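Structure first, then comments.
Each reported figure results from applying straightforward, stated rules to the coordinates on display, with no laboratory input. Please read these numbers as outputs of a predicted model, since none were measured by experiment. FYI the Cβ positions are ideal-geometry reconstructions off the backbone, even for glycines, and counts take in every protein chain you see.
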Amino acid sequence: MAVERTFVMIKPGGVERGLVGEVVRRFEARGYTIKAAKFLKVPTALAKEHYAEHKARPFFGELIEGITAGPVAAFVFEGESVVKVARTMIGATNPVDAAPGTIRGDLATEMGENVVHGSDSIKSAKREIKLWFGGKGEVVK
Ligand code: DAT
Ligand code: MG
């Protein structure tokens, strides 16, 4: 009903553990397609902009340290209701609460090592795709 695009990023811990393929495999197996991809060490300014909604939170410093600690693998996936489905596939923010079968529920136990980021709404997806890839944020039919 609605073909969308979302932003998914394998965080430095996930890259270090060799989980890029596992995460991408799950999205491709579900039927989503890669529309953009890049591998980069995240500049601090980009990290702060990405997580701007959390800047007043006590864990903000740790969050920025974590996301800039090593390279990330960033993707735009496209497909039916991908924004919502990606969040379901990723699982709860705290891996301890994440259901088995989800990425975090299968691959993580710690909040600071929760492997992957996914946009939380269509609005966030547009903002994040534009921030990381400079466009391609449009929802296509
Ligand atoms: P999500 O990544 O599920 O969208 P979020 O946007 O609320 O979660 O938070 C962004 C990241 O910040 C999250 O993946 C892990 C970290 N984080 C969130 N809440 C935290 C907390 N209470 N203590 C430490 N880190 C936290
Ligand atoms: Mg979030």
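Pairs from the list LYS41/LYS130; LYS41/LYS123; LYS35/LYS123 with a Cα-Cα gap above 23 Å: LYS41/LYS123. Taking the empirical scaling 2.2 N^0.38 Å for compact globular proteins as reference, the chain has a Cα radius of gyration ratio of 0.97.
Between THR93 and PHE59, the modelled label-to-label distance comes to 0.7 nm, taking each label 7 Å out from Cα in the direction of the beta carbon.
Taking 0.36 nm per residue of sequence separation and removing the Cα-Cα distance, the LEU131/ALA45 pair yields an extension gain of 29.8 nm. If the chain linking GLU28 and ALA69 were pulled fully straight, counting 0.36 nm for each residue of separation and taking away their Cα-Cα distance, it would gain 12.1 nm. The label point for ASP106 and the one for LYS35, both projected 7 Å from the Cα toward the Cβ, are 2.5 nm apart. Here the Karplus curve 6.51 cos²θ - 1.76 cosθ + 1.60, taken at θ = phi - 60°, turns the phi angles of segment 96-108 into couplings of 4, 9, 7, 5, x, x, 8, 4, 5, x, 9, 10, 8 Hz, with x standing for Gly and Pro.
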